[in-house]
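**Student:** The structure follows.
The values are calculated or read from the model by the stated rules, or taken from the named source; none is laboratory data. Note that this is a predicted model, so its numbers are computed, not measured. Counting neighbours? That spans all protein chains shown, and the Cβs are built from the backbone with ideal geometry, glycine included. We work out accessible area using only protein heavy atoms, side chains counted, and drop any ligands, DNA or RNA first. Shrake-Rupley method; radii C 1.70, N 1.55, O 1.52, S 1.80 Å.
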Amino acid sequence: MSEKVNDLWATTLNAIPVWSHPDKTIYATCNLQPNLKLNAAELQITGKILFKQIYPHGKLEAVFTIQGFPMDVNQTSRAIHIHSYGDLSNGCDSTGGHFNPHSVNHPGHPGDFHNFRVRNGKIEQHLTDLEATLFGPYTTVGRSIVVHKLSDDLGKGNNQASLENGNAGTRLACCVIGFTTNSSWDKYIQDNASLKNPRVSRRLNNIRKANN
């Protein structure tokens, strides 16, 4: 039943370009920009988040490449979450609360990515097996991603805000998730092949086979 619902959503309601890729892989991107509502002296965070998911049963993968953090403070943690609305008309403040389709407490929301370590002023991370999805009635496409100033307390802060947003603090940057082609994802794989990551190596081999 769930697959039939996803099919209907993909082909009729949400216009997902599923069939444009032979392996039914869906790609999305989110281009981070600083929160325009903040003081100019605040951190100016920019970057890109890439998504990939194979329809209909694949788990979501995401690549985070974010810069603008202080260079002299390594190993600090910053919270990143998916928020309900793709509305940036009032900066990141108009993105609403966490995307929470199942009405559960934080950190049980599908877009609760939790904490990311900052190294040399950057966040660079590749996550797999994420609970969020690019298709179906709970798609995150058209919603937003917010980078926060503080770390996520993972719902252990003993107050209501902790159960809603992890007390993650000021919204430093945000973007709206939208569909894209595979080009940015494949470029990431090519650029990082030298890291000898098995997951990256497998993906690179698949790209080479497809081009031969």
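**Student:** Kindly establish whether D72 is surrounded by fewer than 20 Cβ atoms within 10 Å (Cβ to Cβ) and within 14 Å of A173 (Cβ to Cβ).
**Tutor:** Numbers: surrounded by fewer than 20 Cβ atoms within 10 Å (Cβ to Cβ): yes; within 14 Å of A173 (Cβ to Cβ): no.
For D72, the condition - surrounded by fewer than 20 Cβ atoms within 10 Å (Cβ to Cβ) and within 14 Å of A173 (Cβ to Cβ) - is not met.
**Student:** Give segment 86-109 a look and list any residue that's under 14 Å from the mean Cα position of the chain (by Cα) and closer than 15 Å to A132 by Cα, or say none. It would help to see each step written out before you state the result.
**Tutor:** From segment 86-109, those under 14 Å from the mean Cα position of the chain (by Cα) are 86, 98-99, 109; that's our starting set.
Of everything in segment 86-109, those that are under 14 Å from the mean Cα position of the chain (by Cα) and closer than 15 Å to A132 by Cα turn out to be H98, F99, H109.
**Student:** For segment 97-127, give me each residue that is part of a loop (DSSP other than H, G, I, E, B), in contact (Cβ under 8 Å) with a residue 40 or more places away in the chain and within 29 Å of S184 (Cα to Cα).
**Tutor:** Within segment 97-127, G97, F99, V118, N120, G121 qualify.
**Student:** Please verify whether Q33 is within 26 Å of Y188 (Cα to Cα), modelled with pLDDT of 95 or more and in contact with a Pro (Cβ under 7 Å, 6 or more places away or on another chain), treating the condition exactly as stated. Walk me through how you get there before you give the answer.
**Tutor:** On the way: within 26 Å of Y188 (Cα to Cα): yes; modelled with pLDDT of 95 or more: yes; in contact with a Pro (Cβ under 7 Å, 6 or more places away or on another chain): no.
Judged against the criteria, Q33 is not a match.
**Student:** Scan segment 22-29 and give yes if some residue there is out of contact with any strand residue (DSSP E or B) (no Cβ under 8 Å at 6 or more places or on another chain), open to solvent by 20 Å² or more (accessible area, probe 1.4 Å) and farther than 15 Å from T139 by Cβ, otherwise no.
**Tutor:** Let us first name the residues in segment 22-29 that are out of contact with any strand residue (DSSP E or B) (no Cβ under 8 Å at 6 or more places or on another chain), namely 22.
Remaining after also requiring open to solvent by 20 Å² or more (accessible area, probe 1.4 Å): 22.
In the following step, the residues that additionally are farther than 15 Å from T139 by Cβ were identified as 22.
Yes - at least one qualifying residue is present in segment 22-29.
**Student:** In addition: In the set T140, T170, T181, which member is polar (S, T, N, Q), at pLDDT below 95 and either within 26 Å of N31 (Cβ to Cβ) or open to solvent by less than 40 Å² (accessible area, probe 1.4 Å) (or both)? Full working, then the answer.
**Tutor:** Numbers: T140 fails: at pLDDT below 95; T170 fails: at pLDDT below 95.
Selected residue: T181, the only one of T140, T170, T181 that is polar (S, T, N, Q), at pLDDT below 95 and either within 26 Å of N31 (Cβ to Cβ) or open to solvent by less than 40 Å² (accessible area, probe 1.4 Å) (or both).
**Student:** Turning to a different aspect of this structure: Run down V63, V146 and say which single residue is under 20 Å from A168 (Cβ atoms), touching a helix residue (DSSP H, G or I) at 6+ places or on another chain (Cβ under 7 Å) and open to solvent by less than 10 Å² (accessible area, probe 1.4 Å). If you could, list the steps in order and put the result at the bottom.
**Tutor:** Working: V63 fails: under 20 Å from A168 (Cβ atoms).
The unique qualifying residue is V146.
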